[in-house]
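Single-structure report; data block below.
The values are calculated or read from the model by the stated rules, or taken from the named source; none is laboratory data. Model, not experiment: these values are computed from the prediction. Please note: Cβ atoms are built from the backbone with ideal geometry, for glycine as well, and neighbour counts cover all protein chains shown.
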Amino acid sequence: MSFEASSGTLVLSAFRITDDVDEQGFFVLDRHVRVSFRFEKVSGVMLDCSPLTTIMELGLRRLTPEHLPISNTLASAGDYELGFDDVYGGSGAIYAKAISISLEPELE
């Protein structure tokens, strides 16, 4: 994760866990992809976890007046919220006026 001024990028490595098991008894992973989220005009960052964590759940939504106010942010209606929960019970969210998403296949 890197942020400069009011923009930034979050890069996640993602994959699918299959039902197949390899010779050592580990589940086989496939469909590896690098997902990049580019944030413009960041209005808040809240992390209650390590930036190098395993994300269990990820959600993207556009904020409405009913979602506000959000403590310790400058988020307003119309901003995007990328929120996540990690496998250890931590959570985080990034708020921005604009978000772009790109995908790049990773070698397995």
Can you tell me which residues in the range 61-83 are modelled with pLDDT under 95, under 14 Å from ASP48 (Cβ atoms) and surrounded by 11 or more Cβ atoms within 10 Å (Cβ to Cβ)? ILE70, THR73
Please indicate, with yes or no, whether at least one residue in the range 1-9 is surrounded by 13 or more Cβ atoms within 10 Å (Cβ to Cβ), touching a Pro at 6+ places or on another chain (Cβ under 7 Å) and not in a strand (DSSP E or B). yes
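Do we find that ARG31 is part of a strand (DSSP E or B), on the phi > 0 side of the Ramachandran plot and charged (D, E, K, R) in this structure?
Values: part of a strand (DSSP E or B): yes; on the phi > 0 side of the Ramachandran plot: yes; charged (D, E, K, R): yes.
Considered against the rule, which asks whether it is part of a strand (DSSP E or B), on the phi > 0 side of the Ramachandran plot and charged (D, E, K, R), ARG31 comes out as yes.
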Can you pull out the residues in the range 4-45 that are touching a residue at least 40 places away in the same chain (Cβ under 8 Å) and among the charged types (D, E, K, R)? ASP30, ARG34, ARG38, GLU40, LYS41
Residues within the range 36-53 that are assigned to a loop (DSSP other than H, G, I, E, B) and surrounded by 11 or more Cβ atoms within 10 Å (Cβ to Cβ), tallied: 4
Take GLU81 and tell me if it is in contact with a helix residue (DSSP H, G or I) (Cβ under 8 Å, 6 or more places away or on another chain) and not aromatic (Phe, Trp, Tyr). yes
Among residues of the range 32-51 being at pLDDT 95 or above and farther than 23 Å from GLY78 by Cβ, the residue nearest to the chain's Cα centre (by Cα) is VAL35
Please specify each residue of the range 62-108 satisfying the condition of being outside any loop (DSSP other than H, G, I, E, B), of a type in the set (S, T, N, Q) and touching a Leu at 6+ places or on another chain (Cβ under 9 Å). SER91
VAL33 - would you say it is surrounded by 13 or more Cβ atoms within 10 Å (Cβ to Cβ) and more than 24 Å from SER6 (Cβ to Cβ)? yes
